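The values are calculated or read from the model by the stated rules, or taken from the named source; none is laboratory data. Remember, predicted model here, so these are calculated numbers, not experimental data. For neighbour counting, all protein chains shown are included, and Cβ atoms are generated from backbone atoms with ideal geometry for every residue, glycine included.
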Amino acid sequence: MELLELLALALAPIAFIFTYVYLKDRYEREPLKYLLITFVFGGLTAVPVIMVGQWLQEVTGTSATSSPADLLIYSFIVVAMTEEGMKYLVLRWYNYPHREFDEPYDGIMYGVAVSLGFAAIENILYVLNGGMGTGLIRMFTAVPAHASFGAMMGFFVGRAKFGSRRPMLDRLKGLLVAIIFHGLYDYFLFLGNTSLTVISFVALMVGVYLARRAMRLHVEDSPHRFGPPPGDMTPQP
């Protein structure tokens, strides 16, 4: 019974955030089938993330207990770039060319779905290992952090597909923003300095604020809001 309770605790914030972002799409919500596939792909990225992360640790000689200088490499390259890079590959090569990706908000929805898929696997492992206390802490920290990173990345990917003059640049902006926020969040946590940990939570709160703002902007930009898409909302390659 305790195992089921821990699993429920680990997955509850995933379900809540997913539902919240899904219901914010007012005009044409994505088919749950494709969102579920994206979620599963996000979970599957945990395997290459572990493999690439271990390889990068060996190459860079860094870890979560490295010196502050080396910890920058570990946080931004080994962890943030690897995790966000794998999520980006799903978003770019599965979701972006899909026919159901037909409005800017879809970038956010799919970005959150793939991020929550990864977060679900990560959260289950942490909660089963750390127990109820770990689950409660991560419910308000790591899980919304992953979702906000995915939403910010998805904002730029959605903008890249509809109306952008430089779609590749916008897509890479989304990846870079996600890496920066993820790296900042992890770096000040890994430092283990209680006074500096507050910076991680500032990064989290700013990320959540920007993610919600991005959602609002793309809802307002929906081509389905007033009928057929305007001429500058054509998909980009």
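Only one of these conditions is not met by residue 161: (1) crowded, with 24+ Cβ neighbours inside 10 Å; (2) under 13 Å from the mean Cα position of the chain (by Cα). Which number is it?
The number of the failed condition is (2).
Only one residue in 155, 101, 76 is in contact (Cβ under 8 Å) with a residue 24 or more places away in the chain and crowded, with 24+ Cβ neighbours inside 10 Å. Which one?
155
Got at least one residue in segment 164-180 being over 26 Å from residue 50 (Cα atoms) and of a type in the set (Asp, Glu)?
Looking through segment 164-180, at least one residue is over 26 Å from residue 50 (Cα atoms) and of a type in the set (Asp, Glu).
So residue 66 fits all but one of (1) small (Gly, Ala, Ser); (2) part of a loop (DSSP other than H, G, I, E, B); (3) at pLDDT 95 or above; what number is the exception?
Only one criterion in (1) small (Gly, Ala, Ser); (2) part of a loop (DSSP other than H, G, I, E, B); (3) at pLDDT 95 or above is unmet by residue 66, namely (3).
May I ask you to verify whether residue 110 is closer than 24 Å to residue 213 by Cα and either surrounded by fewer than 19 Cβ atoms within 10 Å (Cβ to Cβ) or under 18 Å from the mean Cα position of the chain (by Cα) (or both)?
yes
Of all residues in segment 69-106, count the ones that are over 21 Å from residue 200 (Cα atoms), acidic (Asp, Glu) and modelled with pLDDT of 95 or more.
Adding up the residues that qualify gives 1.
May I ask you to list the residues in segment 136-165 that are aromatic (Phe, Trp, Tyr), closer than 15 Å to residue 95 by Cβ and modelled with pLDDT of 95 or more?
155, 156
Taking only pairs six or more apart or across chains, which ones have beta-carbon atoms under 6 Å, a first residue in segment 24-35 that is under 10 Å from residue 100 (Cβ atoms), and a second residue that is among the aliphatic types (A, V, I, L, M) and surrounded by 12 or more Cβ atoms within 10 Å (Cβ to Cβ)?
What qualifies is 30/109; 35/113.
Among the numbered criteria (1) within 25 Å of residue 211 (Cα to Cα); (2) in contact (Cβ under 8 Å) with a residue 24 or more places away in the chain, which one does residue 53 miss?
Tallying (1) within 25 Å of residue 211 (Cα to Cα); (2) in contact (Cβ under 8 Å) with a residue 24 or more places away in the chain, residue 53 fails exactly one: (1).
Going by the structure shown, is residue 195 part of a helix (DSSP H, G or I) and either at pLDDT below 95 or at positive phi (or both)?
Taking the combined requirement at face value, the residue satisfies it.
Which number in (1) part of a helix (DSSP H, G or I); (2) within 19 Å of the chain's Cα centre (by Cα); (3) crowded, with 21+ Cβ neighbours inside 10 Å marks the one condition that residue 137 misses?
Residue 137 satisfies all of (1) part of a helix (DSSP H, G or I); (2) within 19 Å of the chain's Cα centre (by Cα); (3) crowded, with 21+ Cβ neighbours inside 10 Å except (3).
Tell me, yes or no, whether segment 159-173 has at least one residue that is in contact (Cβ under 8 Å) with a residue 12 or more places away in the chain, within 24 Å of residue 16 (Cα to Cα), of a type in the set (Gly, Ala, Ser) and in a helix (DSSP H, G or I).
no
Within segment 13-28, is even one residue surrounded by fewer than 14 Cβ atoms within 10 Å (Cβ to Cβ), in a loop (DSSP other than H, G, I, E, B) and out of contact with any helix residue (DSSP H, G or I) (no Cβ under 9 Å at 6 or more places or on another chain)?
Looking through segment 13-28, none of the residues is surrounded by fewer than 14 Cβ atoms within 10 Å (Cβ to Cβ), in a loop (DSSP other than H, G, I, E, B) and out of contact with any helix residue (DSSP H, G or I) (no Cβ under 9 Å at 6 or more places or on another chain).
Would you confirm, using the coordinates I've provided, whether residue 214 is part of a helix (DSSP H, G or I), surrounded by 21 or more Cβ atoms within 10 Å (Cβ to Cβ), touching a Phe, Trp or Tyr at 6+ places or on another chain (Cβ under 7 Å) and at pLDDT 95 or above?
So residue 214 fits the description; yes.
Would you be able to tell me the number of residues in segment 193-211 that are loosely packed, with under 15 Cβ neighbours inside 10 Å and in contact (Cβ under 8 Å) with a residue 12 or more places away in the chain?
Total meeting the criteria: 1.
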